[in-house]
1. What are the ³J(HN,Hα) couplings of segment 323-338, residue after residue, when phi is run through the Karplus curve with 6.51, -1.76, 1.60 and θ = phi - 60°? Round to Hz, x for glycine and proline.
2. On average, how much accessible surface per residue is there in segment 222-300, in Å², for a 1.4 Å probe, leaving out ligands, DNA and RNA?
3. Roughly to the nearest percent, how much of the accessible area of segment 1-160 is carbon and sulfur, given a 1.4 Å probe?
4. Just how many % of Cα pairs in segment 160-287 lie over 27 Å apart, if you round to the nearest whole percent?
5. Does segment 1-132 come out rounded, prolate or oblate by the C-alpha gyration tensor, with a ≥ b ≥ c the root eigenvalues, rounded set by a/c under 1.5 and, if not, prolate when a/b is larger than b/c and oblate if not?
6. Ordered by packing density, taken as the mean number of other Cβ atoms within 10 Å over each peptide's residues, highest first, how do 35-43, 190-198, 284-292 rank?
7. Give me the one-decimal Kirkwood hydrodynamic radius in Å for segment 7-247, with the sum taken over alpha-carbon pairs.
8. Where does the chain land at 222 nm, in deg cm²/dmol rounded to the nearest 500, when only DSSP H runs of n ≥ 4 count, each adding -39500 (n - 2.57), divided by all residues?
Amino acid sequence: MTAPSRTTLTVQAMHAIDQITGAVIPPIHPATTYARGADNQLIGDQDYRRPEGPTEKQAAKVLAMLEGAPEAKLFSSGMAAIAAVVESVPTGGHVIAQTEMYYGAKLLLQRAATKKRITLNLIAPGDLHALTAAARPDTDLIWIESPANPSWAVVDIAKTADIAHAVGATLGVDSTCAPPCTTQALALGADIVMHSATKYLNGHSDVLAGVLATREVNARWQEIGEIHSKTGAVPGAFETWLLMRGLRTLWVRFERQSASALMIADALQGQAGLDAVLYPGLPGHPGHDIATRQMTNGFGGMLSLRLSGGHDAAARLAASTKLFTQATSLGGVESLIEHRKPIEGPDSPTPNDLVRLSVGLEDPQDLLADLRHALAAGPKAV
Ligand SMILES: *Cc1c(COP(=O)(O)O)cnc(C)c1O
């Protein structure tokens, strides 16, 4: 028999059958400390929960398998995972990131630059000429996000990896919106891949967690391991167990969310009141060709709409839907809508007229009808 696919291994949490009871569901191990025998030797292979206990080890194994990585590490949030990567940059090290990216990560990098911990250049997502011009022999880290919040600009990971490696820099990819069932960033040449597991990996809007996975166990990964262990930004056993429960349905959730988002994006093109529908799965999206190569199992559930009526129309749409809940975050089973600019603040480059949608698992025809109704509701709907 051929080796089981990643889908099968994910659904079965890699055959995590409890060897003691035979339970088909992986157990939760909440213990923070582990006993030693009369000889002062540990009874098992575990001594303390930080940085990871058996539940976290099992989840990290499934995530490493999904990414094709030798190792993965779980963090208490996506931001904690990014913070560990930023901390691994040597003092004064040069970092290149994107003008448009998850705003919390950009603020973290800008904070490190303001404090002169790092030097920072921001370039437009996917602008390989600007990246080549900005990359220097002392560039330590290139940090990209694809598709990038909230225009869903697609960044060519393989070409970016070539540019990074030509100057000896590490390429880190925030692949939160392209989970490993559709994009394996490490196979495309990334050195480190990061996810906010709060989003698609868990998929139920009830766990905060982050993941890093590496292409090679090298000095940088060991440094990140030290930071992980010594700063202790690790998830609890219950959260990790919930994450593993969510993860088991990742493939089927993502497939359905991608199909629904594509249907909705396609149906809304040319709709009155909309200037643009931004979705990498649409042939007219500027990143569509790269996305087709790089997102091999669906373009995801995230799309954005630009309203002809500007700020007010965007605010009104987000306030008028009945099935899309007005809330931040993404990747859960329930659909969400957000007028993005006010959330990111006045310094954000996100246009005022943009509304971000996270398509969930509801009937896509209901979701489309909800959006059409809210768009047609006009000025009195707020
Ligand atoms: C949510 C998110 C993060 C931050 O993750 P948390 O789990 O909220 O800390 C980082 N990057 C992207 C693209 C995200 O959507």
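The values are calculated or read from the model by the stated rules, or taken from the named source; none is laboratory data. Worth saying up front: this structure is predicted, and the values here are computed from it rather than measured. Cβ coordinates were reconstructed from backbone atoms using ideal geometry, including for glycine residues, and neighbour counts include every protein chain displayed. Note: areas computed on protein heavy atoms with side chains; ligands, DNA, RNA excluded. Shrake-Rupley method; radii C 1.70, N 1.55, O 1.52, S 1.80 Å.
1. 8, 6, 7, 6, 6, 7, 6, 6, x, x, 5, 9, 6, 10, 9, 8
2. Numbers: 3500 Å² over 79 residues.
That works out to 44 Å² per residue.
3. Numbers: 4410 of 7660 Å².
Solvent-exposed carbon and sulfur of segment 1-160 make up 58 percent of the total.
4. Numbers: 2815 of 8128 pairs.
Across segment 160-287, Cα pairs with separations above 27 Å total 35 percent.
5. Details: a/c = 3.29, a/b = 1.73, b/c = 1.91.
Because a/c hits 1.5 or more and a/b fails to exceed b/c, segment 1-132 counts as oblate.
6. On the way: 35-43: 8.4, 190-198: 27.4, 284-292: 17.8.
In descending order of packing, they fall as 190-198, 284-292, 35-43.
7. Numbers: mean 1/r = 0.0541 Å⁻¹.
One decimal place: 18.5 Å for the Kirkwood radius.
8. Counting only the DSSP helices, I get -11000 deg cm²/dmol.
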